[in-house]
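Novice: Mind having a look at this structure? Questions to follow.
The values are calculated or read from the model by the stated rules, or taken from the named source; none is laboratory data. What you see is a predicted model, and the numbers here were worked out from it, not measured in a lab. Here the Cβ positions follow ideal geometry from the backbone for every residue, glycine too, while neighbour counts run over all protein chains shown. SASA here: full protein model, heavy atoms, side chains in, ligands and nucleic acids out. Shrake-Rupley method; radii C 1.70, N 1.55, O 1.52, S 1.80 Å.
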Amino acid sequence: MQPIIHWNPEVSASFPKLSVCIGIINNVQVEKENMQILKLKKAVSEEVRAKHNIKTLKDNPTVRAYRDFYWKLNIDPTKTRPSGEALLRRILHGKELPQISTVVDAYNLASMKTIIPISGFDKDKLNPPFHIRFARNSEEFKGIGMEKPITLTTKILVLTDEKQILCIYPYRDSDHTKITEKTRNVLIVGYGAPGISETQLREAVETTLSYIKQVSGGEIETIKVFNAASK
């Protein structure tokens, strides 16, 4: 699969410097837990604790970029935190990361390390090409952990394929396309914001795929950055 993203003209006009990065890794073996993910969690957690301070985290340029972007999307980032920052704060407060599966835990670790919001989807449940657009009024979406769908408004930015909303950009993923222990092929998305470089996005997705391969095997198929301005 060679991923393609179509940018809605309204999104391109509103955020011409917005980019996303897609990575694909195939033939993974998803487990609940293994020794590799336990070792990786320990190593990455120690690394970020040595690098960051909870008191000054809000001044980190990457944290700042996503917070500023959230305000433009009418999301309060002090209540709904960008996923990378939320995971990092959890570790800096001395808590453990959620334990989901080797692949999900691996991309959460990459998101925490890079502070870039990252999603993972079961590639075989997707219907490309992909679209980044604003939600349609009264469009419904059921995210992971939701008991029932929520109704969206036209102010909400979404990532979709041809048939469904995959993510409320960039913090809530669809329940239907989530990674399970039956997943064999994975599509990763690193979500940008104004002020986040394409290099940062690519490095975040490269880190993610490297972590997944380390804990769940697989072969990396592709990594590609898409920019709103280039359509």
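Novice: Restricting to Cα pairs below 8 Å that are 6+ residues apart, what does the relative contact order work out to for the chain? Please round to a whole percent.
Specialist: Once normalised by length, the contact order is 39 percent.
Novice: Let me ask you something else. Mind telling me which of ILE179, ILE150, ILE25 comes out most flexible in a GNM of the chain, alpha-carbon contacts under 10 Å?
Specialist: Maximum among the listed residues: ILE150.
Novice: DSSP loop (so not H, G, I, E, B), at most 11 other Cβ within 10 Å: list which GluC sites (Glu not before Pro) in the stretch 96-188 pass both filters.
Specialist: Details: sites: GLU96, GLU139, GLU140, GLU147, GLU162, GLU181; in loops: GLU96, GLU139, GLU147, GLU162, GLU181.
Of the GluC sites (Glu not before Pro), the ones in loops of the stretch 96-188 whose Cβ has at most 11 other Cβ atoms within 10 Å are GLU96, GLU147, GLU162, GLU181.
Novice: Please list the equivalent ellipsoid semi-axes of the stretch 1-90, computed as the square roots of five times the alpha-carbon gyration tensor eigenvalues, in descending order and whole angstrom.
Specialist: The three semi-axes for the stretch 1-90 are 28, 24, 11 Å.
Novice: Find which of ASN185, LEU57, PHE69 sits farthest along the positive direction of the dipole of the chain, computed with +1 on the beta-carbon of Lys and Arg, -1 on that of Asp and Glu, about the Cα centre.
Specialist: LEU57
Novice: Report Rg (one decimal) and Dmax (nearest whole number) for the stretch 91-157, counting Cα atoms only, units Å.
Specialist: When restricted to Cα atoms, the stretch 91-157 yields Rg and Dmax of 15.2, 41 Å.
Novice: Report Rg(Cα)/(2.2 N^0.38 Å) for the stretch 108-221, keeping two decimals.
Specialist: 1.08
Novice: While we're here: What is the set of long-range amide H partners of TYR171 at a cut-off below 5 Å, with H atoms built 1.01 Å from backbone N?
Specialist: HN-HN under 5 Å from TYR171: empty list.
Novice: If I model a spin label at GLU96 and ILE54 as a point 7 Å from the Cα along the Cα→Cβ vector, what separation in nanometres do I get?
Specialist: Placing both labels 7 Å beyond Cα along the Cβ direction yields 1.8 nm.
Novice: Percent of Cα-Cα pairs per 5 Å bin, from 0 to the last occupied bin, for the stretch 37-148, please list those.
Specialist: Over the stretch 37-148, the share of Cα pairs per 5 Å bin runs 2, 9, 18, 21, 19, 15, 10, 5, 1, 0 percent.
Novice: May I have the extent of the alpha carbons of the chain along their three principal axes, as whole Å values ordered from largest to smallest?
Specialist: If we take the Cα atoms of the chain, the spans are 45, 41, 36 Å.
Novice: Rank GLN36, ILE168, SER101 by how far each Cα sits towards the positive end of the charge dipole of the chain (+1 on Lys, Arg Cβ; -1 on Asp, Glu Cβ) and give me just the farthest.
Specialist: ILE168
Novice: In nm, what is the difference between 0.36 nm times the number of residues separating THR151 and ALA43 and their Cα-Cα distance? Let's see the in-between values first.
Specialist: Details: separation 108, 0.36 × 108 = 38.88 nm, distance 4.01 nm.
The THR151-ALA43 span can extend by a further 34.9 nm.
Novice: How much length is gained on full extension from ARG184 to LYS17, taking 0.36 nm per residue of separation minus their Cα-Cα distance?
Specialist: 56.8 nm
Novice: Over the chain, with a Gaussian network built from C-alpha contacts below 10 Å, which listed residue (LYS51, LYS72, LYS142) shows the highest mean-square fluctuation?
Specialist: LYS51
Novice: How far is it, in nm, from the label point at GLN164 to the one at ASN127 when both lie 7 Å from their Cα along the line to the Cβ?
Specialist: Taking the simple label geometry, GLN164 and ASN127 are separated by 0.9 nm.
Novice: For the pair ALA229 and LYS72, how long in nm is the line joining their label points, each one 7 Å along Cα→Cβ?
Specialist: 1.2 nm
Novice: Counting pairs of alpha carbon atoms under 8 Å apart in space and at least six apart in sequence, what relative contact order in percent does the stretch 1-100 give? Before the final figure, lay out the partial values.
Specialist: Working: 27 pairs, mean separation 23.6, N = 100.
Answer for the stretch 1-100 is 24 percent.
Novice: How large are Rg and Dmax for the stretch 50-89 when only the alpha carbon atoms are used, in Å?
Specialist: Rg and Dmax of the stretch 50-89, Cα atoms, are 10.0, 33 Å.
Novice: What number comes out for accessible area per residue over the stretch 13-160 if the probe is 1.4 Å? Units Å², please.
Specialist: With all protein chains present, the stretch 13-160 gives 48 Å² per residue.
Novice: What does the charge count near ASN127 come to, summing +1 for each Lys or Arg and -1 for each Asp or Glu among other residues with Cβ under 14 Å from its Cβ?
Specialist: The answer is -1.
Novice: Computing the accessible area with a 1.4 Å probe over protein heavy atoms, can you report the carbon and sulfur percentage for the chain?
Specialist: Numbers: 5240 of 10830 Å².
The C+S portion of the solvent-accessible surface of the chain is 48 percent.
Novice: Placing +1 at every Lys and Arg Cβ and -1 at every Asp and Glu Cβ, with all other atoms neutral, what dipole size does the stretch 77-231 have around its Cα centre, in debye to the nearest 20?
Specialist: About 400 debye.
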